[in-house]
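The values are calculated or read from the model by the stated rules, or taken from the named source; none is laboratory data. Just so it is clear, the model here is predicted, and its values are computed rather than measured. Note that each Cβ is placed from the backbone with ideal geometry, even for glycine, and that neighbours are counted across all protein chains shown. Note: areas computed on protein heavy atoms with side chains; ligands, DNA, RNA excluded. Shrake-Rupley method; radii C 1.70, N 1.55, O 1.52, S 1.80 Å.
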Amino acid sequence: AWECEYGAWFAASQKNLPASKRLYEYAVYESFKGGNYRISPFVSDQSAADLAMIYSSTGSVDKALDLYSIVSGLTDDLQLKAEILYRMACIQEKAGKNTEAQQSLEYSLAINPDNEKARIMLHQSEK
């Protein structure tokens, strides 16, 4: 699966979103056949978050939020978890889900008090 992750990253860096999305989807969802996993246990958390970002940027916000939620629950990387929660808040705010966005921002800051993007967004939403 790591080969697909690299390929997806390079495709994204060349602005080839359809190829990047397809490679990430293979790595995240299809590369592991077995068990009761919603995503492959062998894919990196960052790659799953990258796929969620692609979903978000192409208008599939429900898919993005679902995948972000799964990855945020699985990752041990607190910096990544805080970033994912910030990204979720951005999507939630755009969708008018202000309470959920505020909760995501507060959780992000509880994990990483130095997350300036989350702090600024939270401050702006409280005005």
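Leaving ligands, DNA and RNA out of it, rank S69, S47 by accessible area with a 1.4 Å probe, largest first.
S69, S47
Work out the length of the dipole vector of the chain about its Cα centre, built from +1 on the beta-carbon of each Lys and Arg and -1 on the beta-carbon of each Asp and Glu, and round it to the nearest 20 debye.
360 debye
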Heavy-atom accessible area order for Y86, Y6, Y68, Y29, largest first, 1.4 Å probe: Y6, Y29, Y86, Y68
Carbon and sulfur %, accessible surface of the chain computed with the full protein complex present, 1.4 Å: 52 percent
Proximal lysines to K33, defined as alpha-carbon separation beneath 23 angstrom and excluding residues fewer than eight positions away on the same chain: K21, K63
Debye intensity ratio in log₁₀ form over the Cα atoms of the range 1-110, taken at each q of 0.11, 0.12 Å⁻¹: -0.34, -0.40
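Please compute the Kirkwood hydrodynamic radius over the range 27-92, one decimal place, Å, based on all pairs of different Cα atoms.
Every distinct Cα pair counted, the radius reaches 11.9 Å.
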